[in-house]
Amino acid sequence: MLYAIKIADVSGSQPLRDIHRKEHLDYLKTFDDQTIFAGPFLTEDCQTELGSMRFLDFPDRAAAVKHVSDEPFLVHGVQKGYTLHRIRPVVSNTWRDCPRKEGNLQFFIHALDKPGTSETRQELRDAHLAFFKEHEDVFMYRAPLVADEDETQQIGSVYLLDMPDAEAAKALWASEPYNNAGIYETANLYGWRFGRVFDRFKVAI
């Protein structure tokens, strides 16, 4: 089962981050085979880290929770609080082979549906799919968030984009049919960066 994990940094924790970074990176390396994508999410200008985002494969939710609980950054107070959702990917890309252009910036979108919008989602499905077909070269990854007990019940979406800059990312996101129709209760667009041990432009694979 695949899970999307979003972990928030504690404000002012940079000194602790520097102290425990190696332990954190060594920990992530042990999950290399299970990692679809991993890296920090940032402010829209891609300058300030706000937390960590990961898409990983686990046998069940308990294993995913244990992964987060044992994360050195959480153990040592660099980060606090997380969200964990099951995902059902609609593309097979990973950090090793995703569409990406050198010089571009990456962006992460985490969106949760408003209650009672499933019919609207279904009505817009064709337009939604056509949108992604048109822009498939800039979406490194995309997946609906789904309920643990029923993967046919969609509760949100996650996306990773490869774009020239933040303005281009925001303009594209504003035109996405689900977002444009207002089906999301919360929809956050962040800068994002490939993790130090999960970047094919920097790590031999």
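The numbers here are math on the coordinates, done by the rules we state, and not lab data. Here the structure is a predicted model, which means the values were calculated and not measured. Cβ atoms come from the backbone with ideal geometry, glycine included; neighbour counts cover every protein chain shown.
If you check Ala171 against the conditions, is it without any contact (Cβ under 8 Å) to a residue 12 or more places away in the chain and within 25 Å of Glu49 (Cα to Cα)? Judged against the criteria, Ala171 is a match. Select from region 124-157 the residues that are of a type in the set (Asp, Glu) and exposed (fewer than 13 other Cβ atoms within 10 Å of the Cβ) and list them in ascending order. Asp126, Glu134, Glu136, Asp137, Glu149, Asp150, listed by residue number. Evaluating Ala130 against the criteria (1) touching a Leu at 6+ places or on another chain (Cβ under 6 Å); (2) over 26 Å from Leu28 (Cβ atoms) leaves one unmet condition, (1). Criterion first (closer than 22 Å to Arg86 by Cα and among the acidic types (Asp, Glu)) does Glu167 satisfy it? When the stated conditions are applied, Glu167 does not pass them. Hey, can you tell me all the residues within region 166-200 that are in a loop (DSSP other than H, G, I, E, B), within 19 Å of Gln122 (Cβ to Cβ) and among the acidic types (Asp, Glu)? Selection gives Glu176 alone.
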